[in-house]
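The values are calculated or read from the model by the stated rules, or taken from the named source; none is laboratory data. Note that this is a predicted model, so its numbers are computed, not measured. Backbone-built Cβ (ideal geometry, glycine too); neighbour counts: all protein chains shown. These accessible areas exclude ligands, DNA and RNA; they are computed on the full protein's heavy atoms, side chains included. Shrake-Rupley method; radii C 1.70, N 1.55, O 1.52, S 1.80 Å.
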Amino acid sequence: MALILAEQEFDADGFDAPVIGIAADMGLHDSGRHCHRRHQLLFAAAGCITIELADTLCLLPPSRAAWIPAGTAHRVLMRGVVAYRSLYFAAELPFPAPPLQVVEVNPLLREVIERMAFWPWDWPVEKQAGLLAVFGEELQAARGENWRLPFPTDARLAAWLDSVHRGELPPRLNQLVEQVGASERTISRIFIRDTSMSYQAWRQQWRLLRAMELLADGTSAGETAQRLEFASDSAFIAFFRQHTGETPARYAQA
């Protein structure tokens, strides 16, 4: 049985089959930091999933999938995610193992994920092989998307980063200087060294990912713009379109 309750415990490493799939509807969920001996693919048709990695935040928007290699420590956070699917693959794969990535899910890949999520856990290995081959081809051909945000590791920013992890909007650079007691030049050097991004670019990426979360949760574009301190609704719409290729309304509808 692949359909499970949100509160039901599940240990993917306790199976021997090449692919084990589960399906569930989630409300609030926090997996805690953990790792598997198996590779994992996460997918949700609606709602956003946040994946915390070592010093990196990864956002999984609706209709995208995240490939998490075996042994990768991670924490999964969900709010109102529906049609959640998770596939667990044996460490030895019949196709080249991809790195950690978020990919766009086309209609064929979506149907394959859906089929795997619901097949019986004791499904014969020979019956899994054909669909597993199709999955491997589609995963390798899928378009990658960069919804990741690396975090600086410098100890001088640790207290401030705790507030960011709790959802506090990162301030402008001149305001951050006052909070952490370091010069603009020092902070800029830390961000370039630890994240390969300027602080301004990092702050914009944070606002983009947070906007995607809020819109997927049903927050209006106007309220999202206000909460993320954009000068106007039109400024937020232009920003969002520039980075995603679509308006906030179209993204939320999709």
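Observations on the structure shown:
- Taking the 1.4 Å solvent-accessible surface of the chain as the whole, the part contributed by carbon and sulfur is 50%.
- Legend: residues M78, M197, sorted from most to least accessible area (1.4 Å probe; ligands, DNA and RNA excluded), read M197, M78.
- Value of Rg/Rh across the range 123-224 [Cα atoms, Kirkwood radius]: 1.20
- At most 10 other Cβ within 10 Å, DSSP loop - GluC sites (Glu not before Pro), the range 64-126: E92
- Largest-first principal axis extents, alpha carbons of the range 22-75, Å: 26, 23, 19
- Here the translational diffusion coefficient of the range 57-110 follows from Stokes-Einstein with Rh set to the Kirkwood radius across Cα pairs; for 25 °C and 0.890 mPa s it amounts to 191 µm²/s.
- Phi angles of the range 162-168 translate, via the Karplus equation with coefficients 6.51, -1.76, 1.60 and θ = phi - 60°, into HN-Hα couplings of 4, 5, 5, 4, 7, x, 6 Hz per residue; Gly and Pro are given as x.
- C-alpha long axis of helix 184-195 to longest principal axis of the chain, angle in °: 10
- Remark: the range 3-102 carries 40 Å² of accessible area per residue (probe radius 1.4 Å; ligands, DNA and RNA excluded).
- Each residue was assigned an accessible area with a 1.4 Å probe, and for R227 the value is about 120 Å².
- Accessible area of F230 in the full protein assembly, 1.4 Å probe (Å², nearest 10): 30
- Percentage of interatomic Cα-Cα distances in the range 105-158 larger than 18 Å: 52
- Dimensionless Rg ratio for the chain, taking C-alpha atoms and the 2.2 N^0.38 Å reference: 1.09
- Debye, to nearest 20: dipole size of the range 22-86, +1 on Lys, Arg Cβ, -1 on Asp, Glu Cβ: 160
- With eigenvalues of the C-alpha gyration tensor scaled by 5 and rooted, the range 33-167, Å: 29, 16, 13
- Computed accessible area, C48, all protein chains, 1.4 angstrom probe, square angstrom: 0
- Rounded to whole Hz, the Karplus (6.51, -1.76, 1.60) HN-Hα couplings of the range 40-51, x for glycine and proline: 10, 10, 9, 8, 9, 6, 8, x, 9, 10, 9, 10
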